[in-house]
Amino acid sequence: MKVKFEDFKNEIEKIYDRFSVKRYDEDQVVMIGLTLQNRRANDIDIFIDEDISAFRITTDDDGDRLFNVEIGFDVDSLDILSSVLDLTKKYMQEEK
């Protein structure tokens, strides 16, 4: 099943109504919370409440895509984490 970015974004935002997804079109420095952070072209942030980075899909120096979990989860939120992981895996496999 091929997952395009817009489909990925829509499905992530359905998982939890406080999620929002942003993909960066070019390398840039962005303000996230109270810090400036570097983002490369095609990096993706999944935010909670539009300013707390919960997950990131990044590109390392070798061009490999990496998934980062930026926050902790309590036991009641593990279903949300599982859903995000499943969808992210499908999306990242299609990007290869």
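The values are calculated or read from the model by the stated rules, or taken from the named source; none is laboratory data. Just so we're clear, the structure is a prediction, and the values are computed from it rather than from any experiment. A quick note on method: Cβ atoms are made from the backbone with ideal geometry, for glycine too, and the neighbour counts reach across all protein chains shown. Only protein heavy atoms, including side chains, enter the accessible area calculation; ligands, DNA and RNA are left aside. Shrake-Rupley method; radii C 1.70, N 1.55, O 1.52, S 1.80 Å.
So what is the calculated 222 nm ellipticity per residue for the chain, using -39500 (n - 2.57) for each DSSP H run with n of 4 or more, over all residues, to the nearest 500 deg cm²/dmol?
-10000 deg cm²/dmol
With a probe of 1.4 Å, find how much accessible area the chain has per residue, and write the answer as a whole number in Å².
66
Report Rg(Cα)/(2.2 N^0.38 Å) for the chain, keeping two decimals.
Taking the Cα Rg and dividing by 2.2 N^0.38 Å, one obtains 1.04.
Pull up all non-local amide H partners of ASP43: gap of 5 or more, or a different chain, and H-to-H distance under 5 Å with H placed in the peptide plane.
For ASP43, the qualifying residues are TYR24.
Can you tell me which of PHE73, PHE19, PHE55 moves the most in a GNM of the chain? Springs connect C-alpha atoms under 10 Å apart.
PHE73
Could you work out which residue, out of ASP76, ASP60, ASP49, moves most in a Gaussian network model of the chain, that is, has the largest mean-square fluctuation with Cα springs under 10 Å?
Of the options given, ASP76 has the highest mean-square fluctuation.
Output wanted: per-residue J couplings in Hz (rounded whole) for the range 21-28, from phi through Karplus 6.51 cos²θ - 1.76 cosθ + 1.60, θ = phi - 60°, x for Gly and Pro.
Result, rounded to whole Hz: 10, 10, 10, 8, 7, 8, 4, 6.
What residue among GLN93, VAL30, ASN10 has its Cα farthest toward the positive end of the dipole of the chain, where the charges are +1 on Lys, Arg and -1 on Asp, Glu, each on the Cβ?
So the residue we want is GLN93.
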